[in-house]
Protein chains: 2
Amino acid sequence: MKPLTMPPRLLMGPGPINCYPRVLTAMSQQLVGQYDPAMTSCMNEVMALYRQVFETNNHHTLLVDGTSRAGIEAVLVSALEPGDKVLVPIFGRFGHLLCEIAERAGAEVHSIEVPWGEVFEPEQIEKAIREVQPKMLAVVQGDTSTTMLQPLEHLGEICRRYDVLFYSDATASIGGNPFKTDEWQLDAVSVGLQKCLGGPSGSAPITLSERYVELVRKRHHVEAGIRESVHQSGSGSRIRSNYFDIPMLLDYWGEERLNHHTEAASMLFCARECAINLIEEGIDNSIARHKQAGDAMLAGVQALNLEPFGNLAHKMHNVVGVEIPDGVDGEQIRQQLLLDFNIEIGTSFGPLKGRIWRIGTMGYNARKDAVLHTLQSLETVLRRAGHKLPGGGGVDAALDSFSGSSL
Amino acid sequence: MKPLTMPPRLLMGPGPINCYPRVLTAMSQQLVGQYDPAMTSCMNEVMALYRQVFETNNHHTLLVDGTSRAGIEAVLVSALEPGDKVLVPIFGRFGHLLCEIAERAGAEVHSIEVPWGEVFEPEQIEKAIREVQPKMLAVVQGDTSTTMLQPLEHLGEICRRYDVLFYSDATASIGGNPFKTDEWQLDAVSVGLQKCLGGPSGSAPITLSERYVELVRKRHHVEAGIRESVHQSGSGSRIRSNYFDIPMLLDYWGEERLNHHTEAASMLFCARECAINLIEEGIDNSIARHKQAGDAMLAGVQALNLEPFGNLAHKMHNVVGVEIPDGVDGEQIRQQLLLDFNIEIGTSFGPLKGRIWRIGTMGYNARKDAVLHTLQSLETVLRRAGHKLPGGGGVDAALDSFSGSSL
């Protein structure tokens, strides 16, 4: 059998993107045992690192062993009992995902929607909270399906006022856009590694407030066969998933170290490296780098006379939607970029399918050379497909954008 | 921040164990996009490889992105609707786990039990099937908590006769003990990488029969926001989990490539390498190597006058339970082995806690040198703790056992 040799793609879509080399190398670390002091201290270190990433003092900051939607499901299914009301403001595909996961947990899901390409005003959300009186507000921060970033900074105060749990999925945005768990009064946050953190998919860091933890602890049950006193029960209804049972995950990550799953050690090492990489760069520096690369990509796209999608005042730093010009076959262009230039840009879902490309600048690829190669190659491919556009305009505008920056 | 440097442990517990170096290296492969032809062909290759690992022609052979219990939960929650009856023969901790996961899926769980250290006769299981008339029989093959291997070869025929789905979790046994999905007429099997396959925890290969797939497809729903026709519905009740929704996982792994999670690419590469490693060695050769190492470890333990646990006629090849002698502090011995010799052996759960150690010989560590070092070190540590035992007996018996073997 042949060894795995992947083509050297430059991944400029909405994620996953190329990993930082140091993150890939970290996974080659040989294992130690699950309860080895070296392992448990590594787990504690990872908790401390992600407190920094999330900008929180939450003790309960840990990894869920799965992709980013595993983190979402763990947060929702552990907190929402059948019949509990949850409010989901939907501004793209991932709002629908939150609804769907909450529905499957048996929750009564209420949603409000804005057109794809827009975000919500805090007043719209407050009005819905007043009407619905949900147990939880669940909202995506950055939805790559539309490239929009929902402002969260005013929502925590509203949630506290109405005694609502405040949860956000920040998978696509964290590390490339500001995110402040404590300052914004969030009760639960879940993310993934495969966007601005520059790792592969497969580990979902989460952070949980005391308020959230107190609530889910009421649904605590210990697995049979683990210790003598089986089926110790909390008063709440049993959480519908074993794998995503946060009280049990807390027992495993906590001092008690009660066996649950076997921690996915290589992904733990990987998550550790992603966090260290971010912290060594400095979170603010990383955000500034994402903004710089995103601004340059936007300038380049506009200089090619291509139309960016959505409300640019609320665009995520790390991805831009680009309207596919009339008469251009979007998939054909993507294909050519991939085959001739080894560059991947993203297609779209749902209502935007066939209407926009999505071009990312995130993690390792939030770099000048990556932006410049992408713009040049996009120009070449569009030109050879017979589309008229200003020659060299894109790359020049991006270079100007970069040189105007102080970074 | 310091780079991660784990101590060079020799992991001789019930798993996780040291990974094959080539498996660790495979995770350093740089990523490609989620729908890159290089990625989808790698996914197809992994499906084909695991068909060989599982000894099946099942088309529907794929990975669940999580630890081995993620595979268990996916199989159970996708098939079991609330109120469905499932029969679980329990002979150790992982039988309890199957019950608990099935209960949370809303199933009506019936179990039968034998004392820890024993396994079931097919007649016992058939009798229970007749009485319970379950939709599914769910049974662990190798339960590391007791070191016992449940014979499965007669159960498929029984299940077919009573029209019962037959599922087994073979996480701890596959690759080190015979497992024949098609010959034994299994409908669903889930495993993990961290035992005899010699990888880290974090990916759960599963294989599914047509019968199983036909059944769960009736519960098929498409996620909102993915394509125009939202909420296409099957007739069955909606699966309680999005993450573990097998019909959706099949759409993602199948020709349709409908977006679900973002595949955990590094764990995919890792799972691929585990399978190739096994297939290149030859499954029968790998099983023989595990038997040889397990036999040698057993001979060594017995020659040290230590008592193996359970019914040896049904011991898994890859792990042995060892009664902790009277007057010996089991945890103290484990601690000393770890600190002085960098060797980890396992402790126990539930009714066996403090009663036995569990010593594994699996995957990369099903090796002569690993067995010999472990026996010598165990002897030294026991001797220095004041326990009397035949000097050199263990390592000599193991060497004899190895030299009597044809491998």
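The values are calculated or read from the model by the stated rules, or taken from the named source; none is laboratory data. Computed from a predicted structure; not experimentally measured. Cβ atoms come from the backbone with ideal geometry, glycine included; neighbour counts cover every protein chain shown. Quick note on the areas: whole protein, heavy atoms, side chains included, nothing else; ligands and nucleic acids left out. Shrake-Rupley method; radii C 1.70, N 1.55, O 1.52, S 1.80 Å.
Some values worked out for this structure:
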{"read-out": "Pseudo-label separations to other copies for A:Asp326 - Cα-to-Cβ vector, 7 Å, nm", "value": "9.4"}
{"read-out": "Pairs of alpha carbons in the protein assembly as shown whose separation is greater than 51 Å (percent)", "value": "15 percent"}
{"read-out": "Nonlocal amide H pairs with A:Ile343, under 5 Å, H built at 1.01 Å", "value": "A:Leu10, A:Leu338"}
{"read-out": "Teacher prompt: B:Asn305 distances to equivalent labels in other copies, 7 Å Cα→Cβ, nm", "value": "9.4"}
{"read-out": "Mean Cα-pair separation over length for segment B:137-239, i.e. relative contact order, pairs under 8 Å, 6 or more apart, %", "value": "19 percent"}
{"read-out": "Alpha carbon centroid spacing (whole Å) that separates segment A:349-407 from segment A:265-326", "value": "12 Å"}
{"read-out": "Whether segment A:17-279 is rounded, prolate or oblate, judged on the alpha carbon gyration tensor where a/c under 1.5 counts as rounded", "value": "oblate"}
{"read-out": "Cβ crowding within 10 Å averaged over residues, with A:88-100, A:282-294, B:35-47 ranked highest first", "value": "A:88-100, A:282-294, B:35-47"}
{"read-out": "Peptide A:153-164 - average C-beta neighbours from other chains (10 Å radius)", "value": "0"}
{"read-out": "DSSP bridge orientation in the protein assembly as shown - percent antiparallel, rounded to nearest 5", "value": "50 percent"}
{"read-out": "Fraction of beta bridges assigned by DSSP in chain A that are antiparallel (%, nearest 5)", "value": "50 percent"}
{"read-out": "In nm, spacing of pseudo-spin labels at B:Tyr162 and B:Asn342 (7 Å Cα→C-beta vector)", "value": "5.1 nm"}
{"read-out": "Shielding by partners, peptide A:262-274 (average Cβ within 10 angstrom, other chains)", "value": "6"}
{"read-out": "Rounded, prolate or oblate (a/c below 1.5 giving rounded, otherwise prolate when a/b exceeds b/c) for segment B:177-281 by Cα gyration tensor", "value": "oblate"}
{"read-out": "Placed amide H near B:Gly236: partners under 5 Å, 5+ positions off or other chain", "value": "B:Arg219, B:His220"}
{"read-out": "Listed residues B:Asp187, A:Asp84, B:Asp182 arranged by accessible area, highest first, probe 1.4 Å", "value": "B:Asp182, A:Asp84, B:Asp187"}
{"read-out": "Relative contact order [Cα under 8 Å, 6+ residues apart], segment B:31-279, whole percent", "value": "24 percent"}
{"read-out": "Segment A:294-325 residues near the modelled A:Gln332 label - backbone nitrogen below 15 Å, point 7 Å along Cα→Cβ", "value": "A:324-325"}
{"read-out": "Segment A:96-206: Cα Rg divided by the 2.2 N^0.38 Å rule of thumb", "value": "1.04"}
{"read-out": "Across the identical copies, how the A:Arg130 labels are spaced - nm, sorted shortest first, 7 Å along Cα→Cβ", "value": "6.8"}
{"read-out": "Amide H within-cut-off set for B:Glu108, under 5 Å, with H built and near neighbours excluded", "value": "B:Gly83, B:Asp84, B:Lys85, B:Val86"}
{"read-out": "Size-normalised alpha-carbon gyration radius of segment B:45-94, reference 2.2 N^0.38 Å", "value": "1.39"}
{"read-out": "Sorted largest first, extent of segment B:283-403 alpha carbons per principal axis (Å)", "value": "40, 32, 24"}
{"read-out": "Average partner coverage of B:254-261, which counts Cβ from other chains inside 10 Å", "value": "2"}
{"read-out": "Whichever lysines have a C-alpha closer than 27 Å to that of A:Lys291, once near sequence neighbours (fewer than 8 apart) are set aside", "value": "A:Lys180, A:Lys195, A:Lys315, A:Lys353, A:Lys368"}
{"read-out": "Two-site label geometry, A:Glu121 and A:Glu214: point separation in nm, points 7 Å out along Cα→Cβ", "value": "3.4 nm"}
{"read-out": "Using a Förster distance of 25 Å, the FRET efficiency for B:Thr5-A:Asp182 (Cβ separation, nearest 0.05)", "value": "0.20"}
